Amino acid sequence: MSHPLADAPSPSARPLPDFVALAEKLQQIAQVLLAAGPPPPVAESGDAPAVDAERPSEIRTYRVPDYIVEEERRLLAQHQAQSWQEMFDKACNRLHTLIFLLQHFETGASMDGYAVTLLGDTLMAPLDTLNSLCSLVADFRLQPEEG
(Lines give C-alpha, C1' and ligand atoms only; values in the text may rest on other atoms or scores of the structure.)
Protein backbone atom coordinates (compact mmCIF):
# COMPACT_ATOMS: atom_id res chain seq x y z
CA MET A 1 0.00 0.00 0.00
CA SER A 2 1.46 3.35 -1.01
CA HIS A 3 1.75 6.30 1.31
CA PRO A 4 -0.99 8.97 0.68
CA LEU A 5 1.60 11.72 0.34
CA ALA A 6 3.52 9.79 -2.32
CA ASP A 7 0.83 10.59 -4.88
CA ALA A 8 0.83 14.33 -4.06
CA PRO A 9 2.70 16.61 -6.48
CA SER A 10 6.14 17.63 -5.33
CA PRO A 11 6.26 21.18 -3.90
CA SER A 12 9.37 21.84 -6.01
CA ALA A 13 7.32 21.10 -9.15
CA ARG A 14 5.31 24.28 -8.62
CA PRO A 15 6.29 27.24 -10.81
CA LEU A 16 8.30 29.95 -9.08
CA PRO A 17 6.41 33.18 -8.31
CA ASP A 18 7.09 36.34 -10.28
CA PHE A 19 9.54 38.09 -7.96
CA VAL A 20 9.33 41.35 -9.92
CA ALA A 21 5.56 41.50 -9.39
CA LEU A 22 6.05 40.57 -5.73
CA ALA A 23 8.60 43.36 -5.29
CA GLU A 24 6.24 45.85 -6.95
CA LYS A 25 3.43 44.80 -4.59
CA LEU A 26 5.71 45.19 -1.58
CA GLN A 27 6.64 48.67 -2.76
CA GLN A 28 2.97 49.58 -3.16
CA ILE A 29 2.26 48.29 0.33
CA ALA A 30 5.13 50.30 1.74
CA GLN A 31 3.65 53.43 0.15
CA VAL A 32 0.21 52.66 1.63
CA LEU A 33 1.75 52.11 5.07
CA LEU A 34 3.69 55.36 4.85
CA ALA A 35 0.56 57.23 3.83
CA ALA A 36 -1.49 55.64 6.64
CA GLY A 37 1.07 56.29 9.36
CA PRO A 38 1.72 59.48 11.28
CA PRO A 39 3.51 62.26 9.39
CA PRO A 40 7.29 62.29 9.70
CA PRO A 41 8.65 64.45 12.50
CA VAL A 42 9.57 67.96 11.51
CA ALA A 43 12.68 69.55 12.94
CA GLU A 44 11.57 72.24 15.33
CA SER A 45 13.18 75.61 15.14
CA GLY A 46 13.38 77.72 18.29
CA ASP A 47 12.42 80.85 16.31
CA ALA A 48 9.32 79.41 14.60
CA PRO A 49 5.96 80.26 16.20
CA ALA A 50 3.69 77.40 17.25
CA VAL A 51 1.12 77.62 14.45
CA ASP A 52 -0.67 74.36 15.31
CA ALA A 53 -1.30 75.44 18.89
CA GLU A 54 -3.23 78.48 17.60
CA ARG A 55 -5.44 76.50 15.20
CA PRO A 56 -8.86 75.50 16.48
CA SER A 57 -9.84 71.84 16.41
CA GLU A 58 -12.34 70.64 13.86
CA ILE A 59 -14.87 67.95 14.72
CA ARG A 60 -16.59 66.12 11.88
CA THR A 61 -19.36 63.55 11.91
CA TYR A 62 -19.83 60.97 9.17
CA ARG A 63 -22.51 58.41 8.45
CA VAL A 64 -20.99 55.03 7.59
CA PRO A 65 -23.10 52.23 6.05
CA ASP A 66 -23.90 49.27 8.34
CA TYR A 67 -22.10 46.74 6.14
CA ILE A 68 -18.87 48.74 6.43
CA VAL A 69 -19.14 48.85 10.24
CA GLU A 70 -19.78 45.08 10.35
CA GLU A 71 -16.82 44.41 8.07
CA GLU A 72 -14.63 46.63 10.25
CA ARG A 73 -15.69 44.72 13.38
CA ARG A 74 -15.03 41.41 11.63
CA LEU A 75 -11.54 42.51 10.58
CA LEU A 76 -10.71 43.79 14.07
CA ALA A 77 -11.81 40.49 15.62
CA GLN A 78 -10.02 38.43 12.97
CA HIS A 79 -6.74 40.26 13.61
CA GLN A 80 -7.28 40.53 17.38
CA ALA A 81 -6.84 44.28 17.15
CA GLN A 82 -8.50 47.21 18.88
CA SER A 83 -8.04 49.73 16.04
CA TRP A 84 -7.07 50.15 12.42
CA GLN A 85 -3.70 51.50 13.52
CA GLU A 86 -3.02 48.25 15.36
CA MET A 87 -3.93 46.23 12.25
CA PHE A 88 -1.62 48.39 10.11
CA ASP A 89 1.14 48.02 12.72
CA LYS A 90 0.81 44.23 12.72
CA ALA A 91 0.92 44.04 8.92
CA CYS A 92 3.86 46.42 8.79
CA ASN A 93 5.75 44.44 11.44
CA ARG A 94 5.24 41.19 9.54
CA LEU A 95 6.53 42.78 6.33
CA HIS A 96 9.54 44.27 8.13
CA THR A 97 10.35 40.87 9.65
CA LEU A 98 10.17 39.09 6.31
CA ILE A 99 12.22 41.76 4.57
CA PHE A 100 14.83 41.61 7.35
CA LEU A 101 15.06 37.83 6.95
CA LEU A 102 15.36 38.11 3.17
CA GLN A 103 18.07 40.76 3.45
CA HIS A 104 20.14 38.37 5.55
CA PHE A 105 19.65 35.39 3.27
CA GLU A 106 22.98 34.23 1.91
CA THR A 107 23.54 35.63 -1.58
CA GLY A 108 24.81 32.41 -3.16
CA ALA A 109 22.29 30.12 -1.47
CA SER A 110 19.66 28.39 -3.56
CA MET A 111 16.03 27.90 -2.64
CA ASP A 112 13.83 25.04 -3.70
CA GLY A 113 10.29 25.60 -4.88
CA TYR A 114 8.82 24.58 -1.54
CA ALA A 115 10.73 27.30 0.35
CA VAL A 116 9.71 29.90 -2.22
CA THR A 117 6.08 28.78 -1.94
CA LEU A 118 6.22 29.08 1.86
CA LEU A 119 7.75 32.53 1.53
CA GLY A 120 5.00 33.58 -0.88
CA ASP A 121 2.30 32.23 1.44
CA THR A 122 3.86 34.06 4.39
CA LEU A 123 3.96 37.31 2.42
CA MET A 124 0.31 36.93 1.47
CA ALA A 125 -0.92 37.28 5.09
CA PRO A 126 0.06 40.95 5.54
CA LEU A 127 -0.85 41.66 1.92
CA ASP A 128 -4.33 40.24 2.52
CA THR A 129 -4.70 42.39 5.64
CA LEU A 130 -3.71 45.53 3.78
CA ASN A 131 -5.92 44.61 0.84
CA SER A 132 -8.91 44.15 3.17
CA LEU A 133 -8.32 47.49 4.87
CA CYS A 134 -7.83 49.34 1.58
CA SER A 135 -10.93 47.69 0.11
CA LEU A 136 -12.96 48.67 3.15
CA VAL A 137 -11.99 52.30 2.73
CA ALA A 138 -12.34 52.30 -1.06
CA ASP A 139 -15.82 50.72 -1.04
CA PHE A 140 -17.54 53.91 0.02
CA ARG A 141 -17.07 57.64 0.19
CA LEU A 142 -17.72 59.38 3.46
CA GLN A 143 -20.47 61.94 3.22
CA PRO A 144 -20.54 64.55 6.00
CA GLU A 145 -23.80 64.68 7.90
CA GLU A 146 -25.66 67.91 7.54
CA GLY A 147 -26.95 69.67 10.53
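The values are calculated or read from the model by the stated rules, or taken from the named source; none is laboratory data. Quick caveat, the model's predicted, so the values are computed rather than measured. Cβ sites come from the backbone with ideal geometry, for glycine too, and all protein chains shown count toward neighbours. The area values use the complete protein model at the heavy-atom level, side chains included, leaving out ligands, DNA and RNA. Shrake-Rupley method; radii C 1.70, N 1.55, O 1.52, S 1.80 Å.
Kindly rank 62-69, 110-117 from highest to lowest mean number of other beta carbons found within 10 Å of each residue.
On the way: 62-69: 10.2, 110-117: 13.2.
Highest mean packing first, the order is 110-117, 62-69.
Using r as the Cβ-Cβ distance of LEU98 and ARG63, and R0 as 35 Å, what FRET efficiency do you calculate, to the nearest 0.05?
Values: r = 39 Å, r/R0 = 1.10.
After rounding, the FRET efficiency stands at 0.35.
The simple spin-label model puts a point 7 Å past each Cα toward its Cβ; for THR107 and LEU75 those points are separated by 4.0 nm. Annotation for ALA115 and ARG55: the two label points, set 7 Å from Cα along the Cα-Cβ direction, are 5.0 nm apart. Among THR107, THR122, THR61, the sequence by solvent-accessible area, most first, with a 1.4 Å probe is THR107, THR61, THR122.
Size check on segment 83-125: the Cα extents along the three principal axes, sorted descending, read 41, 19, 5 Å.
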